[in-house]
Amino acid sequence: MRMYDLITKKKQGGTLSETEIREMIAGFTEGTVPDYQMAAMAMAIYFQGMTREETAWLTDAMAHSGDTVDLSMFGKWTADKHSTGGVGDKTTLIVAPIVAACGLKVAKMSGRGLGHTGGTVDKLESIEGYRSSLSQEEFLAQVERVGLAVIGQTGNLTPADKKLYALRDVTATVDSIPLIVSSIMSKKLAAGSQTIVLDVKAGSGAFMRDGKSAGVLAREMVAIGKACGRKMAAFVTNMDVPLGKNIGNSLEVIEAIGVLKGEIHGDLRTLCLHLAAAMISLGLEMDFETALQQATACLEEGRAFEKFTAWIEAQGGNVEWVRNPSQFPGAAHIMPVRAERDGYIALMNTEQIGLCAGLLGAGRVRKEDAVDFAAGIVLRKKTGDYVQAGDVLAELHTNIATILPEAEKCFQTAVLIQNAQPEALPLIMERID
Ligand code: URA
């Protein structure tokens, strides 16, 4: 195989064979295919696309470019979820214990936050003592015993994706459907679960800005996952407004605990129940409506909260904080942001609200940055709400007092208040089975 010939073939709109794709990924992983040639290939794929078969081969080759997690000891009862990332998205903290309490095994690897979206591992680490690094043996033993474990990405999982993503990031080739699909799905396949449910976000706080393109991405990922032998479903969900009310690490854990205890209803709970129901329906082989009833009963009877407590305890987290969330350390400064006029909240620029939480200390710009667990935003009003001048729109939580004027301005300019009531957007825009 000459990489030059493969680049030429793709540049001219040709279809790569399975052998060519596997050799290219093997060479790139080992370093015999240099970065500059792989970057040229990424650009050729960006312009020419890939057939579904090519995307499936690329996904499978990247999934097997390093270690894979062997969950075969749990048979077909393993389920995972993936969200394409949004603001206030703490669904894993709620969905995983619901699904585990209903009888599936959740062996999940999650990421840290970068940019305007938060990472599940950061949220979990805001609980005193939580260990997000477990050995493979500890990880599997906990899944066996408790039914779920959530750790950070470890080992040499999908090294080809790690290298290719870094190249795409600096060569303007991130937003290519086959490259996104193979990147996300290779990691999910390597993580080993038999059932995979995707939450593809659409809107101002998401990677995909509109429902139509999010739907295309979701359908491709479902098709590729199925082609690689997994049970798949996806939802396209609204990220034109933050999910739930709390944004920021410990604030999001506190909100998730509120949902698990039955104290909080609304969009977050509804979405979690739907994601959980899709996992239960595929994993335990029942129709979606029955699965939704089971997930709801599990939440209402407190079994999901018990499972959450058992999970956090097993990973070393302080369960006193879970039982009594007022023990999470709060931020030193809490500042209300008030409406400047009467009217309806017509729009919330969700990416900007995520960036505002970052300014307050909740996020990181570079991988090595530390996050402030207590920092973030509590929304008091959301899109569609009517407000009067002076009403509190949100509270900004931070330990950096000097950032408050800039953060307030950032939040104010992210919210548009108008006289006309906006049209309500559905939370779940599409379900793909
Ligand atoms: N997330 C990923 O993991 N990969 C992409 O290509 C885009 C988003």
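Just a yes or no: is a residue in the range 61-80 within 22 Å of the chain's Cα centre (by Cα), within 16 Å of the ligand (Cβ to nearest atom) and not assigned by TED's automatic domain parsing to the domain that holds N238?
yes
Checking V371 against (1) without any contact (Cβ under 8 Å) to a residue 60 or more places away in the chain; (2) hydrophobic (A, V, I, L, M, F, W, C); (3) within 22 Å of I127 (Cα to Cα): exactly one of these is not met. Which one?
Result: V371 passes all but (1).
Considering the range 131-153 alone, what residues qualify as being in contact with a strand residue (DSSP E or B) (Cβ under 9 Å, 6 or more places away or on another chain), more than 16 Å from the ligand (Cβ to nearest atom) and in a loop (DSSP other than H, G, I, E, B)?
R131, S132, S133, L134, G147
Just the residues that are at pLDDT below 95 and among the β-branched types (V, I, T), please, taken from the range 338-390.
Once the filter is applied, which keeps residues that are at pLDDT below 95 and among the β-branched types (V, I, T), the range 338-390 yields V365, V371.
Would you confirm whether or not the range 416-428 contains a residue that is buried (at least 22 other Cβ atoms within 10 Å of the Cβ) and on the phi < 0 side of the Ramachandran plot?
There is no residue in the range 416-428 that is buried (at least 22 other Cβ atoms within 10 Å of the Cβ) and on the phi < 0 side of the Ramachandran plot.
Kindly evaluate G205 against the criterion of being within 16 Å of the ligand (Cβ to nearest atom) and either part of a loop (DSSP other than H, G, I, E, B) or outside the structural domain of A96 (by TED's automatic domain parsing) (or both). Please lay out each step first, then the result.
Details: within 16 Å of the ligand (Cβ to nearest atom): yes; either part of a loop (DSSP other than H, G, I, E, B) or outside the structural domain of A96 (by TED's automatic domain parsing) (or both): yes.
Taking the combined requirement at face value, the residue satisfies it.
Test of understanding: among S250, S186, S281, S193, which residue is part of a loop (DSSP other than H, G, I, E, B), crowded, with 20+ Cβ neighbours inside 10 Å and of a type in the set (G, A, S)?
Just a single option satisfies the conditions, and that option is S193.
Do any residues in the range 314-339 that are of a type in the set (S, T, Y) have Cβ atoms under 9 Å from those of residues that are part of a loop (DSSP other than H, G, I, E, B) and buried (at least 16 other Cβ atoms within 10 Å of the Cβ), where the two are at least six apart or on different chains, and which pairs are they?
none
So which residues in the range 163-184 are within 9 Å of the ligand (Cβ to nearest atom) and not acidic (D, E), if there are any at all?
Passing the criteria: L164, Y165, R168, V174, S176, L179, I180, V181, S182, S183, I184.
Tell me which residues, restricted to the range 378-433, are assigned to a loop (DSSP other than H, G, I, E, B) and without any contact (Cβ under 8 Å) to a residue 12 or more places away in the chain.
E423
Would you point out the residue of the range 191-223, among those that are more than 17 Å from the chain's Cα centre (by Cα) and among the aliphatic types (A, V, I, L, M), that is farthest from A40 (Cα to Cα)?
The qualifying residue farthest from A40 (Cα to Cα) is A223.
The values are calculated or read from the model by the stated rules, or taken from the named source; none is laboratory data. Predicted model, so just to flag it, every value in this text is computed and none were measured. Please note: Cβ atoms are built from the backbone with ideal geometry, for glycine as well, and neighbour counts cover all protein chains shown.
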